[in-house]
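Engineer: One structure coming up, written as structure tokens, with questions to follow.
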Amino acid sequence: MSITNIMIPDISKIRKDFPILGQKVNGKPLIYFDNAATSQRPIQVIDRVNEFSLRINGNIHRATHFFANKTTEAYENARETLRSYLNAEETAEIIFTHGTTESINLVAHSFGDAFVTVGDEVIVTAMEHHANIVPWQMMCQRRGATLKVLPFGDDGLLQHELLDQLITEKTRLIAVTQVSNVLGTVNPIAEIITKAHSKNIPVLIDGAQGAPHFKIDVQALDCDFYAFSGHKMYGPTGIGVLYGKRKWLDRIPPFFGGGEMIDKVTFTQTTYNEIPYKFEAGTPHYVGAIGLATAIDYLNNLDNILISRYEHDLLMEATTRLKQIEGLRIYGEAPEKVGVISFNIKGIHPFDLGTLLDQMGIAVRSGRLCADPVMDHYGVENMVRASFAFYNTVEEIDAFYRALIRLKAMF
Ligand code: PMP
């Protein structure tokens with residue numbers, strides 16, 4: 001793919017919405033390639049969040065004054081924005097959490113308490129983020145169940161044909177990531193869901209890396225749970241979503257206890273509120289939810305198809321360039337991949353690479369990427385990861401490539 005062939009939406013216009021991108025870091029124009037860790041926020045989101053600090057602030061669902069009414073209305077409207085974006089059947093199926101991690105912990109805990117018992121099994125994949133491993137492991141330990149693991153190959157593809165061998169009569173749930181945060185692989189979640197449902201097994205999708213790249217239709221997908229974080233999709237930190245089918249949410253117990261999640265409290269017995277409130281104990285991050293809905297509005301105003309083609313073109317361009325560098329190994333080259341490239345360069349420690357790139361104004365991630373089993377699969381301690389968003393440019397990829405060439409020459 002040559003640079004000139006790339007389909008370009010009006011990126012310079014889009015970049016003006018992200019004031020943070022115009023800065024210099026270490027004296028160099030910032031190139032932000034750590035979008036899989038957290039994305040930047042458009043001014044529309046920042047303004048909306050500020051509005052709910054500067055002019056309007058009142059705790060939701062609790063009082064009758066002007067501020068409380070305004071925030072409650074904006075919070076519940078945000079829930080509707082999320083419902084519509086995900087095409088959930090009803091707003092009651094949208095639970096606001098602090099992020100993907102809390103969403104998965106909620107399901108592991110509450111679903112585990114209701115439906116998992118001694119000898120049962122839960123299946124995850126070997127390419128999961130720790131957030132989609134550890135909560136299940138903890139739950140299995142608590143309930144006396146077994147965690148089983150679907151492997152992937154060196155190419156970064158799940159060996160999902162092995163799923164038939166892993167599923168047994170004891171399988172209570174399958175938890176799988178839509179997109180790997182290390183390999184960028186887009187997993188065949190629709191097929192996995194169909195297979196699981198043919199055996200009456202519910203499926204949780206970790207959408208932390210999927211939701212920022214794909215428009216999700218939870219009804220078409222027919223997933224039982226879908227979890228994601230606002231901060232990876234141009235929204236604020238500390239806010240996330242758990243979508244769950246009513247048939248499950250009604251049947252599983254609350255995760256946290258406290259205000260708002262109750263119907264009636266006495267010292268002998270407490271009854272719980274309706275969903276979604278049953279799962280939203282205490283004061284939620286309502287400003288975050290309102291900001292996330294603004295980020296969704298922003299995404300809804302972009303040309304979805306053009307943006308995803310552009311992101312794909314950026315990935316292809318970066319892959320082609322990086323492959324020209326001798327001694328550079330890319331981990332994960334699935335045909336269906338999002339804009340995430342994890343790699344190592346022979347003879348350069350990933351942390352050195354990350355630090356030196358930072359001095360050149362280029363932000364990448366280096367480390368274990370919260371995916372120890374993926375590191376173990378490839379027999380490495382760490383990797384460097386560059387991850388792209390629609391506000392990145394071909395010029396930035398070119399600068400990144402040239403920076404890597406310079407650094408390689410230094411070592
Ligand atoms: N799952 C995946 C695939 C992720 O990439 C991440 C974030 N790196 C998480 C879960 C956890 O997200 P959060 O830290 O926002 O809860």
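The values are calculated or read from the model by the stated rules, or taken from the named source; none is laboratory data. As the structure is a prediction and not an experimental result, all values here were calculated from the model. Every residue, glycine as well, gets a Cβ built from its backbone with ideal geometry; the counts of neighbours run over all protein chains shown. Each accessible area value is taken on the protein alone, full model and side chains, heavy atoms only, with ligands, DNA and RNA left out. Shrake-Rupley method; radii C 1.70, N 1.55, O 1.52, S 1.80 Å.
Engineer: With a 10 Å radius around each residue's Cβ, average the other Cβ atoms per peptide and rank 131-139, 23-31, highest first.
Structural biologist: Details: 131-139: 20.3, 23-31: 13.4.
Listed from highest to lowest mean packing, they are 131-139, 23-31.
Engineer: Still on this structure, I have one more. Using label points projected 7 Å from each Cα along Cα→Cβ, tell me how many nm separate Lys247 and Ala363, to one decimal.
Structural biologist: Each label point is offset 7 Å from its Cα along the Cβ direction, giving 4.3 nm.
Engineer: Rounded to the nearest 5, what % of the DSSP beta bridges within the chain are antiparallel ones? It would help to have the intermediate numbers written out before the result.
Structural biologist: Values: 28 of 46 bridges.
Expressed as a percentage, antiparallel bridges in the chain total about 60.
Engineer: Moving on to the next point. I'd like the distance between the alpha-carbon centres of segment 324-386 and segment 232-299, rounded to an integer number of Å.
Structural biologist: Between the Cα centres of segment 324-386 and segment 232-299 lies a distance of 36 Å.
Engineer: Could you run the Karplus curve 6.51 cos²θ - 1.76 cosθ + 1.60 with θ = phi - 60° over segment 206-212 and give me ³J(HN,Hα) per residue in whole Hz, x for Gly and Pro?
Structural biologist: Whole-Hz 3J(HN,Hα) from phi for segment 206-212: 7, x, 4, 9, x, 4, x.
Engineer: Nearest 20 debye, what's the magnitude of the dipole of segment 268-411 about its Cα centre given +1 on Lys and Arg Cβ and -1 on Asp and Glu Cβ?
Structural biologist: On the way: 13 positive and 18 negative charges, 95 e Å.
Computed charge dipole of segment 268-411: roughly 460 debye.
Engineer: If you take every DSSP beta bridge fully contained in segment 67-195, what fraction is antiparallel? Give it as a percent rounded to 5.
Structural biologist: Bridges in segment 67-195 are about 20 percent antiparallel.
Engineer: Pick out which of Thr271, Thr283, Thr294 has the largest mean-square fluctuation in a Gaussian network model of the chain, springs linking Cα atoms closer than 10 Å.
Structural biologist: So, out of Thr271, Thr283, Thr294, the one fluctuating most is Thr271.
Engineer: Which residues among segment 352-394 fall inside the zone where the amide N is under 15 Å from a point 7 Å beyond the Cα of Lys24, along Cα→Cβ?
Structural biologist: Under cut-off, by backbone N: 359-362.
Engineer: Using only the C-alpha atoms of the chain, find the volume of their convex hull and express it per residue in Å³.
Structural biologist: On the way: hull volume 60.0 nm³, N = 411.
Per residue, the Cα convex hull of the chain comes to 146 Å³.
Engineer: Let me ask something additional. Using label points projected 7 Å from each Cα along Cα→Cβ, tell me how many nm separate Ala409 and Thr320, to one decimal.
Structural biologist: 2.3
Engineer: Note down the magnitude of the dipole of the chain about its Cα centre, charges +1 on Lys and Arg C-beta and -1 on Asp and Glu C-beta and zero elsewhere, to the nearest 20 debye. Please report the intermediate quantities before stating the final value.
Structural biologist: Details: 39 positive and 47 negative charges, 154 e Å.
That gives the chain a dipole magnitude of about 740 debye.
Engineer: Taking the Cα-to-Cβ direction at His61 and at Ile43 and moving 7 Å from each Cα, how far apart do the two end points lie in nm?
Structural biologist: 3.5
Engineer: While we're here: In square angstrom, what is the accessible area per residue of the chain with a 1.4 angstrom probe?
Structural biologist: Details: 17360 Å² over 411 residues.
In whole numbers, the chain has 42 Å² accessible per residue.
Engineer: How about segment 23-105: which GluC sites (Glu not before Pro) there lie in a loop by DSSP and see at most 14 other Cβ atoms within 10 Å? Intermediate values should be presented prior to the final figure.
Structural biologist: On the way: sites: Glu51, Glu73, Glu76, Glu80, Glu89, Glu90, Glu93, Glu102; in loops: Glu89, Glu90.
Answer by residue number: Glu89, Glu90.
Engineer: Report the one residue of Ser366, Ser387, Leu404 whose Cα lies farthest in the direction of the positive end of the charge dipole of segment 365-411 (charges on C-beta: Lys and Arg +1, Asp and Glu -1; origin at the Cα centre).
Structural biologist: Ranked along the dipole, the leading option is Leu404.
Engineer: Cross-chain or 8 or more residues apart, Cα under 25 Å: how many lysine pairs in segment 46-300 fit that? Count them up, please.
Structural biologist: 23
Engineer: Could you work out the helix-only [θ] at 222 nm for the chain, with each DSSP H run of four or more residues adding -39,500 (n - 2.57) and the total divided by the number of residues, to the nearest 500 deg cm²/dmol? Don't skip to the end; give the middle numbers.
Structural biologist: Numbers: 14 runs with 156 residues, N = 411.
Result for the chain: -11500 deg cm²/dmol, rounded to the nearest 500.
Engineer: Could you give the length gained by full extension between Glu336 and Ala220, i.e. 0.36 nm per residue of separation minus their alpha carbon distance, to one decimal place?
Structural biologist: On the way: separation 116, 0.36 × 116 = 41.76 nm, distance 1.98 nm.
Net length gain for the segment: 39.8 nm.
Engineer: Tell me the carbon and sulfur percent of the accessible area for the chain, rounded to whole percent, probe radius 1.4 Å.
Structural biologist: Values: 8990 of 17360 Å².
The computed percentage sits at 52.
Engineer: So which DSSP H runs in the chain come out at 20 Å plus along the axis (Cα) with average Kyte-Doolittle of at least 0.0? Provide the component values of the computation, followed by the final result.
Structural biologist: Values: long enough: 66-86 (30 Å, -0.82); 100-115 (21 Å, 0.29); 286-300 (21 Å, 1.01); 304-323 (28 Å, -0.29); 394-410 (24 Å, 0.36).
Span-like helices, by this rule, are 100-115, 286-300, 394-410.
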